[in-house]
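Here is the structure we will look at, set down as structure tokens.
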Amino acid sequence: MRRPASRTWCPSTVRSVFAALSVLATSGGCAHRRAAIEATPPVAERPTPRSDLPDRPVAPPGAEGQVEPATAPAAEPVAPPVAAAIAEGPAAPAPASVAQRDVLFGSPEDPEPETKGGIVKALEDVSYIVGNEWSLDAFRPVVTDLGGGYVGVGPDQAYLLIGWQRPEFAWLVDYDSKVMRVHAMYRAVFELAPTRKAFLDAFESAHADRISKALAEHDDDRLRRLYRNNRDMFRWRLRTVERKLKRRGVPSWLTDDATYAFVRDMVLGDRVRPLRVNLNEAAGMAGIADSARELGVPIRVVYLSNAEEYWDAYDAQFTANLQGLPHDDRSLVLRTRLVWQTNRDYVYNAQPLETFLQWLALPEVRTLVDIVGEKPAATKDGINFVLSDRPPPVAGS
């Protein structure tokens, strides 16, 4: 199995897949759940298993070439700034030294897979160039100021998590080269945008020509085309996350100037490396492990998104890759579990990395369900967070 980090659709594919899945969408409604969501306290690890049918995913926003759904207005007013004052966090580390940069950027990448997986057959070989997880702040209480290193998949989730974790180094991994270009585009926009407002404004139509011209100077026109062809989607994703987090009163790189400055300094200071990595291949993850050891940082956050839901069983190489990461008793695995029919979102699950490795060592463990149980009965209007810290059973007990 290969981790389905991203999926790319041409417009004709989008239309055909949406038509094929329209029946699935009708049972859950097509509107996004309301933006004002209040976090709920962590629930017990083994919630009551669901007895209904498995989640049937409709294609969420984020595929390249997709037209924004009618339920997501092109320019929804941004809520007023968070009332409570947000204390400035610590400054980002100094730019990486030449030696540190050589280590961080010197490890190997994995080849791009011939086929990218999908949670259903119709969703294979599609590149997600924006995220579709809307409550990543569920993880904020458990990752705040963890430091160390960050390893995570996806096109934009890392920037939220880095802002809260404040790592020393970060590896933004995905096995889709198009997602790597998204990170390259964001870096170029960071260079052009010294402030949070300037970054968000860069995706507004009034600035499109200026940003396009600047991006065209970075490479062989690929970043410019990526931006021009998908600017509305990037803008919608960023503005929607900004709006949701402002309404919840959550500081982030999109809602708080100090956090934006930290993330920007990390990226431009060469402490963040995007690289093509397959979680089920050896070279990329082993290289990250070696680099982290040489840099002297334990990996404190491993963000998997919902990769585990694509796999029929854990791959032995995946287990070996996680075992090889330098980590300590503060290290966490973060994952999401699809409950799209309930709330157009996910269950957010955190687990100590060492506990996860202990479970993976058991021969009877094949899938995530064997470790944390069936999905909880997600609520429609709240953030669904589960902390899984129960150790595996002792042999013979």
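Could you tell me whether any residue of the range 218-232 is part of a helix (DSSP H, G or I), in contact with a Lys or Arg (Cβ under 8 Å, 6 or more places away or on another chain), modelled with pLDDT of 95 or more and under 26 Å from R300 (Cα atoms)?
no
Return the total of residues in the range 96-112 being free of Cβ contacts under 8 Å to residues at least 24 places away in the same chain, outside any loop (DSSP other than H, G, I, E, B) and of a type outside the set (V, I, T).
2
Quick one: how many residues across the range 255-268 are buried (at least 19 other Cβ atoms within 10 Å of the Cβ) and closer than 27 Å to V98 by Cβ?
Final tally of qualifying residues: 7.
Are any residues in the range 165-188 within 19 Å of A92 (Cα to Cα) and either in contact with an Asp or Glu (Cβ under 8 Å, 6 or more places away or on another chain) or modelled with pLDDT under 95 (or both), and if so, which ones?
Within the range 165-188, Q165, R166, Y186 meet the criteria.
Does S107 fit the bill of being modelled with pLDDT of 95 or more, farther than 30 Å from R210 by Cβ and out of contact with any helix residue (DSSP H, G or I) (no Cβ under 6 Å at 6 or more places or on another chain)?
Details: modelled with pLDDT of 95 or more: yes; farther than 30 Å from R210 by Cβ: yes; out of contact with any helix residue (DSSP H, G or I) (no Cβ under 6 Å at 6 or more places or on another chain): no.
Against the criterion (modelled with pLDDT of 95 or more, farther than 30 Å from R210 by Cβ and out of contact with any helix residue (DSSP H, G or I) (no Cβ under 6 Å at 6 or more places or on another chain)), S107 does not qualify.
Among what's in the range 119-139 and is of a type in the set (G, A, S) and either farther than 16 Å from S177 by Cα or touching a strand residue (DSSP E or B) at 6+ places or on another chain (Cβ under 8 Å) (or both), pick the residue that is modelled with the lowest pLDDT.
Applying the first criterion (of a type in the set (G, A, S)) to the range 119-139 yields 122, 127, 131, 135, 138.
This time we only want the ones that are either farther than 16 Å from S177 by Cα or touching a strand residue (DSSP E or B) at 6+ places or on another chain (Cβ under 8 Å) (or both), so: 122, 127, 135, 138.
Numbers: A122: 53, S127: 80, S135: 98, A138: 98.
Here the answer is A122.
Any idea which residue in the range 324-361 is nearest to N132 (Cα to Cα), counting only those that are surrounded by fewer than 21 Cβ atoms within 10 Å (Cβ to Cβ) and of a type in the set (D, E)?
Ranking the qualifying residues of the range 324-361, first place goes to E354.
Scan the range 273-304 for residues that are among the aliphatic types (A, V, I, L, M) and part of a loop (DSSP other than H, G, I, E, B) and report the count. Even if it seems obvious, please write down each step before you answer.
At the first step, the residues of the range 273-304 found to be among the aliphatic types (A, V, I, L, M) are 275, 277, 279, 282-283, 285-286, 288-289, 292, 295, 297, 299, 301-302, 304.
From the residues that got through so far, the ones that are part of a loop (DSSP other than H, G, I, E, B) too are 277, 279, 282, 297, 304.
Number of matching residues: 5.
Within the range 269-289, work out how many residues are surrounded by fewer than 17 Cβ atoms within 10 Å (Cβ to Cβ) and farther than 18 Å from Y159 by Cα.
Here the count works out to 2.
Residue pairs, Cβ under 7 Å, 6 or more apart or interchain, first in the range 192-213 and touching a residue at least 24 places away in the same chain (Cβ under 8 Å), second of a type in the set (D, E). List them.
Partner pairs satisfying both residue conditions: T195/D257; R196/D257; L200/E242.
How about the range 305-339: which of its residues are out of contact with any strand residue (DSSP E or B) (no Cβ under 8 Å at 6 or more places or on another chain) and not polar (S, T, N, Q)? Steps first, please.
Kept after step one, since they are out of contact with any strand residue (DSSP E or B) (no Cβ under 8 Å at 6 or more places or on another chain), are these residues of the range 305-339: 310-321, 323-324.
Listed by number, the residues that qualify are Y310, W311, D312, A313, Y314, D315, A316, F318, A320, G324.
Looking at the range 374-397, which of the residues that are out of contact with any helix residue (DSSP H, G or I) (no Cβ under 8 Å at 6 or more places or on another chain) and surrounded by fewer than 17 Cβ atoms within 10 Å (Cβ to Cβ) is nearest to V143 (Cα to Cα)? Don't jump to the end; show me each part of the working.
Of the range 374-397, the ones out of contact with any helix residue (DSSP H, G or I) (no Cβ under 8 Å at 6 or more places or on another chain) are 374-377, 382, 393-397.
Restricting the remaining residues to those that are surrounded by fewer than 17 Cβ atoms within 10 Å (Cβ to Cβ) gives 374, 377, 382, 393-397.
Details: E374: 24, A377: 24, G382: 20, P393: 27, V394: 29, A395: 32, G396: 35, S397: 33 Å.
Taking the candidates together, the pick is G382.
Take V173 and decide whether it is surrounded by 24 or more Cβ atoms within 10 Å (Cβ to Cβ), of a type in the set (A, V, I, L, M) and touching a strand residue (DSSP E or B) at 6+ places or on another chain (Cβ under 6 Å). Lay out the reasoning, then the answer.
Numbers: surrounded by 24 or more Cβ atoms within 10 Å (Cβ to Cβ): yes; of a type in the set (A, V, I, L, M): yes; touching a strand residue (DSSP E or B) at 6+ places or on another chain (Cβ under 6 Å): yes.
Criteria met by V173.
Tell me, please, whether a residue that is surrounded by 15 or more Cβ atoms within 10 Å (Cβ to Cβ), hydroxyl-bearing (S, T, Y), farther than 25 Å from F139 by Cα and more than 20 Å from the chain's Cα centre (by Cα) can be found in the range 221-229.
No: the range 221-229 contains no residue that is surrounded by 15 or more Cβ atoms within 10 Å (Cβ to Cβ), hydroxyl-bearing (S, T, Y), farther than 25 Å from F139 by Cα and more than 20 Å from the chain's Cα centre (by Cα).
The values are calculated or read from the model by the stated rules, or taken from the named source; none is laboratory data. What you see is a predicted model; the values in this text were computed from it and never measured. Cβ sites come from the backbone with ideal geometry, for glycine too, and all protein chains shown count toward neighbours.
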